[in-house]
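The values are calculated or read from the model by the stated rules, or taken from the named source; none is laboratory data. Everything numeric in this text was worked out from a predicted model, so none of it was measured. Don't worry about glycine lacking a Cβ; one is built from the backbone with ideal geometry, like all the others, and counts go over all protein chains shown. Note: areas computed on protein heavy atoms with side chains; ligands, DNA, RNA excluded. Shrake-Rupley method; radii C 1.70, N 1.55, O 1.52, S 1.80 Å.
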Amino acid sequence: PDMEEELVLSKRLDQLRSQHRLIDQTIDQLSRGAFHDQLQLVRLKKERLVLREQIVSIESQLYPDIIA
């Protein structure tokens, strides 16, 4: 990718990583509660997985020589 595309991808990567961290924290908090909502946990885990896949995809574009 050219410099402009790299910058856009890097910003997007930062956003995705931030979202992933927030979901991780939310999942941790919900899991600790005595009355956690299983359906909400499943949805959050699916969302986290989608974010992780997007992160890996962008990382492979930015760093093609590194096996992600």
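When you check R21 against the structure, is it in contact (Cβ under 8 Å) with a residue 24 or more places away in the chain and within 9 Å of the chain's Cα centre (by Cα), yes or no?
Numbers: in contact (Cβ under 8 Å) with a residue 24 or more places away in the chain: no; within 9 Å of the chain's Cα centre (by Cα): yes.
Criteria not met by R21.
Can you tell which of I55, I67 is among the β-branched types (V, I, T), modelled with pLDDT under 95 and either in a helix (DSSP H, G or I) or closer than 28 Å to D2 by Cα (or both)?
None of the others qualify; the one that does is I67.
How many residues are open to solvent by less than 90 Å² (accessible area, probe 1.4 Å) and within 15 Å of E59 (Cα to Cα) when one looks only at region 13-27? Please lay out each step first, then the result.
From region 13-27, those open to solvent by less than 90 Å² (accessible area, probe 1.4 Å) are 13, 16-20, 23-24, 26-27; that's our starting set.
Imposing the further condition that a residue be within 15 Å of E59 (Cα to Cα) reduces the set to 13, 16-18, 20.
Count: 5.
Can you spot a residue in region 28-42 that is modelled with pLDDT of 95 or more and surrounded by 14 or more Cβ atoms within 10 Å (Cβ to Cβ)?
No, region 28-42 contains no residue that is modelled with pLDDT of 95 or more and surrounded by 14 or more Cβ atoms within 10 Å (Cβ to Cβ).
Can you run down the residue pairs with Cβ atoms below 7 Å, 6 or more apart or on separate chains, where the first is in region 29-48 and under 18 Å from Q19 (Cα atoms) and the partner is hydroxyl-bearing (S, T, Y)?
Once the first residue is under 18 Å from Q19 (Cα atoms) and sits in region 29-48, its partners that are hydroxyl-bearing (S, T, Y) give L41/S31; L44/T26.
Of the conditions (1) surrounded by 10 or more Cβ atoms within 10 Å (Cβ to Cβ); (2) not in a helix (DSSP H, G or I), S10 clears all except one; give me its number.
S10 satisfies every listed condition except (2).
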